[in-house]
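The values are calculated or read from the model by the stated rules, or taken from the named source; none is laboratory data. Since the model is a prediction, treat every value here as computed from it, not as a measurement. Glycine gets a Cβ as well: all are built from the backbone with ideal geometry, and neighbour counts include every protein chain shown.
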């Protein structure tokens, strides 16, 4: 129950940060995706159905905050959550570096899926791809401290 409450709070806060903080901390055209960071890190601790549901919720929240193509965000974040849930089933020791790699990988997958579902204009395709790669690095770096904050909360029993 504590993990569910923590997940809901994190998703809610990430959605608020996505709409207000992300544009302010962008480096050039690369802005962090706080909702994908939450999905990546929480997916390490959650079961596959739980992580998939978290990805779905993140997609709905991201679409609501951005006011853009809902299908692109929902499908890409749901797939990212499903893939993140596999890490829980692999039963290996996790750490901040695993959170970095997981979140960067999920950002790349979600970015490519979103680009395929809601393609940008042809002139902006290369810029979108570059922003996706830069966003994967940015999200991976931000996932490390988030993992370290959430680890004691989500590993505790009760």
Would you point out which residue out of 68, 104, 130, 123 is within 10 Å of the chain's Cα centre (by Cα) and farther than 19 Å from residue 7 by Cβ?
-> 104
Can you work out which of the residues in segment 28-58 that are surrounded by fewer than 22 Cβ atoms within 10 Å (Cβ to Cβ) and within 22 Å of residue 92 (Cβ to Cβ) is modelled with the lowest pLDDT?
-> 47
Please work out if residue 32 is outside any helix (DSSP H, G or I), touching a residue at least 24 places away in the same chain (Cβ under 8 Å) and under 14 Å from residue 135 (Cβ atoms).
-> yes
